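These notes are about the structure you will find just below.
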Amino acid sequence: MDNKLGKVLIVDDDKNICEVIDIYMLNAGYETRKCYNGKEALDIFGAINPDLVLLDIMLPGIDGIEVLKTIRKNSQVPVIMLTAKGDTFDKVLALELGADDYIVKPFEPKELLARVKAVMRRYNFTEKDPEVLSFDDLTIDIKSYTVIYKGEEVKMPPKEFELLHYLAKNKNKVFTRDQLLCEVWGYDYPGDSRTVDVHIKRLREKIKGGINWQIETVWGVGYKFEVK
């Protein structure tokens, strides 16, 4: 199969949902693998090294949150969580643990496909972007997805890194939460602008700022990476 768009691992204990997603992904040009439980997902993940994972939260045996934790120990591959639950805790927890996005069932397959494309786009940065951004006590390397703060590497999930990178490369420019959702997540995220707040909070816990720079809150508007 022509694998121009990449390999997608689909993990859901509902075989009907897996089949529907599989059809849409194949028709869109992706190569796919399906499985129905957490253990099998981790086995297949290690075997095929997918380019993106669609991962149900509620799985038999090893649940989706634990699968995500295991994936994030060794890989920054994009992960979109699938959940039938409307519980905000699950959504926020998944994002904090490194999920790139989530979608609540029931969903339209076309919407899922749009989100897959958006997430994949965020992993294909253009060559015009500088590979390394350097500030006082802070280095952001887009090529290796690493952040060095005060001489030590700071581990962070992909979306935290991409949010930091986007703000830093647009230093002193103020962005609303909705703008950051569109630019970093790649599409409108209506009703969930606090996703940005969660990621900003986590970033501030890991990097406290420097002599000449800071992640600033612009009250009533949004955020900026301020460089003096």
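The values are calculated or read from the model by the stated rules, or taken from the named source; none is laboratory data. All figures in this text were calculated on a predicted structure; none of them were measured in a lab. Ideal geometry is used to build each Cβ from the backbone, glycine not excepted, and the neighbour counts take in all protein chains shown. Calculation scope for accessible area: heavy atoms of the full protein, side chains included, ligands and nucleic acids excluded. Shrake-Rupley method; radii C 1.70, N 1.55, O 1.52, S 1.80 Å.
Some observations on this one:
- Mean-square fluctuations from a GNM of the chain, with a 10 angstrom spring cutoff on Cα atoms, peak among LYS117, LYS155, LYS73 at LYS73.
- Its Cα centre serving as origin, the chain has a Cβ charge dipole (Lys and Arg +1, Asp and Glu -1) of approximately 540 debye.
- The aspartates and glutamates within cross-link reach of LYS34, meaning a Cα-to-Cα straight distance under 15 Å and a gap of 8 or more places when in the same chain, are ASP12, ASP13, ASP14, GLU19, ASP22, ASP43, ASP51, ASP56.
- GNM flexibility winner over the chain from PRO50, PRO157, PRO60 (Cα, springs under 10 Å): PRO60
- Coordinate range along principal axes, alpha carbons of the stretch 1-41, Å, largest first: 27, 19, 11
- Relative contact order (%) - the chain, alpha-carbon pairs under 8 angstrom, separation at least six: 14
- Selected from GLU40, GLU152, GLU160 as most flexible by GNM, with the chain as the system and alpha-carbon contacts under 10 Å: GLU152
- Share of pairwise Cα separations in the stretch 1-75, more than 18 Å, in percent: 34
- Label-point gap, in nm, between GLN76 and LEU26 - each point 7 angstrom along Cα→Cβ: 3.3
- A dipole drawn for the stretch 1-107 from +1 and -1 charges on Cβ atoms has a positive end, and of ILE57, GLN76, GLY38 the residue lying farthest that way is GLN76.
- Largest accessible area first, the listed residues GLU108, GLU226 line up as GLU108, GLU226 when surface is computed with a 1.4 Å probe on the assembled protein chains.
- Positive-end residue of LEU112, LEU180, PHE225, charge dipole of the chain with Cβ unit charges: PHE225
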